[in-house]
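A.B. asks: Quick one: this structure, given as structure tokens, is what I'll be asking you about.
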Amino acid sequence: MKPNRQEKEQSEYRLPTNVKPTHYDLTFKTDLKKATFEGVVIIAYGDSDSRSLASLEVKKDTSTITLNVSRLELTNATILSEEGEKPVAVVQTDEAQERVTYKLDEKLPSGSQTKLKIYFSGKLGGNMMGYLRGSWEYEGRTEYYALTQFQPTAARSAFPCWDEPLLKATFTITMISRADTVSLSNMPALSEQPILEGLDAETWKITKFDTTPPMSTYIVALANGPFKFLEKSVVMPLSRKTIPLRIYTSPAKVSQAEFVLGVTASVLPLYERILGVEYPLPKLDTVAGNIVDGAMENWGLIIGRSAAFLLDTDNADLLAKKRVASTQSHEIAHLWFGDITTMEWWNYLYLNEGMLTPPRIIDRFLVFTRNGALIRRLPPPEGQTGVTSA
């Protein structure tokens, strides 16, 4: 019997279903000067490793584990158990499908859990996909920064993972960076401490972030660089939580973040009230740089091009303000449509975007002041029951 279309798609483009990740504990060391990064991920259960962990459920009896990898150098890999660590070897690398398969000495029974630790390294790219490095000129010197853009399938170029939207997991992220830079991720930092020895003569620091809710790999986000920010906070209408908001960008352009910060403060609580679903994260940051195209709705850390978010309010015309307000409102709407509710596979991307295309909320329903504050919400056109798009 010939396989049907769905079975063919599963075998050609989807990962095997014998194992499923439930948690990643990731550590990244980002070297902006050398344009490199390195890290470790453990696919595991139980207490997290001091460097990196991910939990893995065994769904079917298996002696192999296959996951996504692209443009990474993989070094040591081990299976962790109560008896200790056992080395595992790569038995197949599929560059076309961006997969790697590890062979285990013993078969894992269905219903069990295991730990797989992988060390990896890579180069900060410049092709607008993956973990990227950019630069700006400030006070006569060149400064470097790094941002991520993972949608749709570039998380695998930053760390080994199950890079499919359906395979949600929680993430605990740690970043090692130079002490004079800012490190950001989806969740707030729990701690930040200097590293006094063990790296090199320069001063480094380690930043540990809180654990995320379950989410897809394509909205994992990292940022590192000499950013400056503007900030304010909002009280959410349903949860009554105070959510801090920050816009990060270069020191030379941070004054141009006032308008998009005002839009963020207006739109985030508006969506919570309209949709009746609480915003689940404790903060929302936005980073503006010039090494990504457009903007991306990473949960808790929206990342986009400077032109999408920044403007001089004294000289910008109405069209420029509408563009910034529309872009940020669209990305914030994705924090519900796409981040909380996510399509099973990329052929259902319209489920993410369909609610966020015409009629456009900015063009028809919302009126903002000069600094981005919402001054009124217009009634929806006849025949529309409410504001559900951005």
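The values are calculated or read from the model by the stated rules, or taken from the named source; none is laboratory data. Just so it is clear, the structure is predicted and the values come from calculations on it, not from any experiment. With ideal geometry, Cβ positions are generated from the backbone for all residues, glycine too; neighbour counts draw on all protein chains shown. Just the protein is used for accessible areas: all its heavy atoms, side chains included, with ligands, DNA and RNA removed. Shrake-Rupley method; radii C 1.70, N 1.55, O 1.52, S 1.80 Å.
A.B. asks: How big is the charge dipole of segment 214-306 about its Cα centre, in debye rounded to the nearest 20, if each Lys and Arg gets +1 on its Cβ and each Asp and Glu gets -1 on its Cβ?
C.D. replies: With Lys and Arg at +1 and Asp and Glu at -1, about 220 debye.
A.B. asks: A follow-up question, please. To the nearest 20 debye, what is the magnitude of the charge dipole of segment 246-347 about its Cα centre, counting +1 on the Cβ of each Lys and Arg and -1 on the Cβ of each Asp and Glu?
C.D. replies: So the magnitude is around 180 debye.
A.B. asks: Taking the Cα centre of segment 103-258 as origin and charging only Cβ (+1 Lys, Arg; -1 Asp, Glu), how large is the dipole, in debye to the nearest 20?
C.D. replies: Taking the Cα centre of segment 103-258 as origin, the dipole is about 440 debye.
A.B. asks: So what J values fall out for segment 301-308 if you push phi through Karplus, 6.51 cos²θ - 1.76 cosθ + 1.60 with θ = phi - 60°, rounded to Hz, Gly and Pro as x?
C.D. replies: 8, 5, 10, x, 6, 3, 5, 7
A.B. asks: Tell me, what is the FRET efficiency for residue 274 and residue 105 to the nearest 0.05, using R0 = 56 angstrom and their Cβ-Cβ distance as r?
C.D. replies: Efficiency for this residue pair is about 0.55.
A.B. asks: Next question, about the same structure. Starting from the exponent 0.38 and prefactor 2.2 Å, build the expected Rg for segment 49-194 from its residue count and divide its actual Cα Rg by it.
C.D. replies: Taking the Cα Rg and dividing by 2.2 N^0.38 Å, one obtains 1.21.
A.B. asks: Through the Karplus equation 6.51 cos²θ - 1.76 cosθ + 1.60, θ set to phi - 60°, convert the phi angles of segment 258-269 into ³J(HN,Hα) values in whole Hz; use x for Gly and Pro.
C.D. replies: Couplings: 4, 5, 5, 5, x, 4, 4, 5, 7, 7, 4, x Hz.
A.B. asks: From the residues 242, 189, 222, which one has its Cα farthest along the dipole of segment 178-262 in the positive direction, the dipole being from +1 and -1 charges on Cβ of Lys/Arg and Asp/Glu about the Cα centre?
C.D. replies: Checking the options against the dipole of segment 178-262, the answer is 242.
A.B. asks: At 1.4 Å probe size, with every protein chain present, just tell me what the per residue accessible area of segment 185-314 comes to in Å².
C.D. replies: 38
A.B. asks: Still on this structure, I have one more. Through the Karplus equation 6.51 cos²θ - 1.76 cosθ + 1.60, θ set to phi - 60°, convert the phi angles of segment 127-133 into ³J(HN,Hα) values in whole Hz; use x for Gly and Pro.
C.D. replies: 9, 6, 9, x, 9, 10, 10
A.B. asks: Enumerate the amide H contacts of residue 24 below 5 Å, restricted to partners 5 or more residues apart or on another chain; note that Pro and chain-start residues carry no placed amide H.
C.D. replies: Counting only residues 5 or more places away or on other chains, the set is 55, 170, 171, 172.
A.B. asks: P(r) tail for segment 133-247, what percent of Cα pairs lie past 16 Å?
C.D. replies: 70
A.B. asks: Rounded to the nearest 0.05, what FRET efficiency do residue 346 and residue 193 have when you use their Cβ-Cβ distance and R0 = 30 Å?
C.D. replies: The pair residue 346/residue 193 has a calculated efficiency of 0.15.
A.B. asks: Please give the peptides 127-134, 260-267, 292-299, 344-351 ranked by average Cβ packing (other Cβ atoms within 10 Å per residue), highest first, as a rough proxy for protection.
C.D. replies: 260-267, 292-299, 127-134, 344-351
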